[in-house]
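Chemist: Dropping a structure here in structure tokens format, bear with me for questions.
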Amino acid sequence: MEYKQWYMEYKIHKNRPGLLGDIASLLGMLEVNILTINGVEGKTRGMLLQTDDDEKIQLMGQMMKKVDNITITALRQPKLVDILAVRHGRYIERDSDDHKTFRFTRDELGLLVDFLGEIFKRDGHQVIGLRGMPRVGKTESIIAGSVCAMKRWTFVSSTLLRQTVRSQMSEEESQPNNIFIIDGIVSTIRSNDKHELLLQEVMNMPSTKVIEHPDIFVRETQYDYDFFDYIIELRNTPEEEITYETFTLNYNDL
């Protein structure tokens, strides 16, 4: 069998001396490798494991249920959020109703960049929406995530350098492996016919598109929220409300 990775998470009821050593010894006897281990939010510990025998994982899970000091809370093949939780020691906040919406605050930019970088490493068609007020770090996070993924980024529209609306791209800029950055307000309120044609071409490419202000983009185009694979919200503080009335007027005035 090929080697597979697994994510195991357990809650500690009594952190007695030697508890981690006992668990590591059990994994060692089963020849299950520990790739990464970290505390995850309080008295919870997460591990990335590797083995070439799925039955060993099932057996380990049954044995762990007999350990009084811990409770297994997850034993599965790792999701992206599991890998990042072990790496950063905390889970990304996720919308309880819409599981494709993830929330970050400005002091979590490192976690956001890592999250985007892992998504950007994937090839093929995917669309990410990024909500946030001006100057919160949206575009900078996208660029940093592209660097982490070792991908080139291409601005289709942007406010980073004033208000940029592209009508054409070079052959190097239009490679499907690039990360295409679209400002959902600029591309709809400040667009022209040539830009709309370019935007349609980019949206049909088998590539990664990141759309800032996705709500305006959905409101002004034929696309809906089902078109997005991820929606990311970035706030200065957890309580900050993301509204568009206060700054969309500035786009119309320019």
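The values are calculated or read from the model by the stated rules, or taken from the named source; none is laboratory data. Just so it is clear, the model here is predicted, and its values are computed rather than measured. All Cβ positions, even for glycine, are placed from backbone atoms using ideal geometry, and neighbour counts span all protein chains on display. Accessible surface is based on the protein model in full, side chains and every heavy atom, while ligands, DNA and RNA are left aside. Shrake-Rupley method; radii C 1.70, N 1.55, O 1.52, S 1.80 Å.
Chemist: Going by amide H atoms built from the backbone, whose H comes under 5 Å of the H on Gln126, apart from near neighbours?
Modeler: Ser207, Thr208, Lys209
Chemist: Ok, one more. With a ≥ b ≥ c taken as the square roots of the eigenvalues of the C-alpha gyration tensor of segment 1-51, please select rounded if a/c is under 1.5 and otherwise prolate if a/b is larger than b/c or oblate if it is not? Let's see the in-between values first.
Modeler: Working: a/c = 3.11, a/b = 1.54, b/c = 2.02.
The shape class here is oblate.
Chemist: Now for a different question. Amide H neighbours of Arg235 under 5 Å, at least 5 residues apart or on other chains, H built in the peptide plane: list them.
Modeler: Correct list: Phe104, Thr105, Arg106.
Chemist: Once amide H atoms are built 1.01 Å from N in the peptide plane, which residues 5 or more positions from Trp153, or in another chain, come under 5 Å H to H?
Modeler: When sequence neighbours closer than 5 places are left aside, the close amide H contacts are Ile179.
Chemist: Going by alpha carbons, how many degrees (0 to 90, nearest 10) lie between the helix axis of 109-120 and the longest principal axis of the chain?
Modeler: Long axis of 109-120 versus the principal axis of the chain: about 80 degrees.
Chemist: Using only the alpha-carbon atoms, how far is helix 193-203 inclined from the longest principal axis of the chain? Give it as 0 to 90 degrees, nearest 10.
Modeler: The two axes meet at around 20 degrees.
Chemist: Next question, about the same structure. By the scheme Lys and Arg +1, Asp and Glu -1, what is the net charge of all other residues having a beta-carbon under 15 Å from that of Asp123? List each step's numbers first, then the result.
Modeler: On the way: positive: Lys121, Arg122, Lys151, Arg152, Lys209; negative: Glu118, Asp229.
Neighbourhood net charge equals +3.
Chemist: Rank these residues by their accessible area, most exposed first, probe 1.4 Å: Ser187, Ser167, Ser174.
Modeler: Values: Ser187 5, Ser167 60, Ser174 35 Å².
Final ranking, largest accessible area leading: Ser167, Ser174, Ser187.
Chemist: Roughly speaking, what is the centre-to-centre gap between segment 68-114 and segment 16-65 when only Cα atoms are used, to the nearest Å?
Modeler: The two parts, judged by their Cα centres, are 19 Å apart.
Chemist: Per-residue ellipticity at 222 nm for the chain, helices alone: DSSP H runs ≥ 4 residues times -39500 (n - 2.57), over residue total, nearest 500 deg cm²/dmol? Could you put the intermediate results ahead of the total?
Modeler: On the way: 9 runs with 85 residues, N = 254.
Here the helix-only value at 222 nm equals -9500 deg cm²/dmol.
Chemist: Then there's this: If you take the square roots of the eigenvalues of the alpha-carbon gyration tensor of the chain and sort them as a ≥ b ≥ c, do you get rounded (a/c under 1.5), prolate (a/b over b/c) or oblate?
Modeler: Details: a/c = 3.12, a/b = 2.14, b/c = 1.45.
Because a/c hits 1.5 or more and a/b exceeds b/c, the chain counts as prolate.
Chemist: Can you tell me the dipole magnitude for the chain around its Cα centre, using point charges on the Cβ only (Lys, Arg +1; Asp, Glu -1), in Debye to the nearest 20? All intermediate terms of the calculation are to be shown ahead of the outcome.
Modeler: On the way: 31 positive and 40 negative charges, 172 e Å.
Roughly 820 debye for the chain.
Chemist: Could you tell me which chymotrypsin sites (Phe, Trp or Tyr not before Pro) in segment 69-156 are loop residues by DSSP with no more than 12 other beta carbons within 10 angstrom of their beta carbon?
Modeler: Details: sites: Tyr91, Phe102, Phe104, Phe115, Phe120, Trp153, Phe155; in loops: Tyr91.
Loop-located and lightly packed - none at all.
Chemist: What number comes out for accessible area per residue over segment 115-199 if the probe is 1.4 Å? Units Å², please. Can you show the working numbers first?
Modeler: Values: 3980 Å² over 85 residues.
So segment 115-199 comes to 47 Å² accessible per residue, rounded to a whole number.
Chemist: So, with a 1.4 angstrom probe, what is the percent of accessible area on the chain that is carbon and sulfur?
Modeler: Numbers: 6320 of 13300 Å².
Of all accessible area on the chain, carbon and sulfur atoms account for 47 percent.
Chemist: Starting from segment 49-87, pick out the trypsin sites (Lys or Arg not before Pro) whose DSSP state is loop and whose Cβ has at most 12 other Cβ atoms within 10 Å.
Modeler: Those that pass, being in a loop and sparsely packed, are Lys65, Lys66, Lys79.
Chemist: Just tell me which lysines come within less than 18 Å, Cα to Cα, of Lys11; anything on the same chain fewer than 8 places away is out.
Modeler: Lys43, Lys65, Lys66
Chemist: How much accessible area per residue does segment 4-84 have, counting only protein heavy atoms and a probe of 1.4 Å, in square angstrom?
Modeler: Details: 4360 Å² over 81 residues.
Ligands and nucleic acids excluded, the result is 54 Å² per residue.
Chemist: Moving to a separate point now. Taking only Cα atoms and a 10 Å spring cutoff, compute GNM fluctuations for the chain and point out the largest among Pro206, Pro17, Pro176.
Modeler: With Cα springs under 10 Å in the chain, the top fluctuation among Pro206, Pro17, Pro176 is at Pro17.
Chemist: Which of the residue pairs Lys100/Lys194; Lys4/Lys79; Lys121/Lys209 have a Cα-Cα distance greater than 22 Å in the structure shown?
Modeler: Going by Cα-Cα distance, Lys100/Lys194 fall outside the 22 Å limit.
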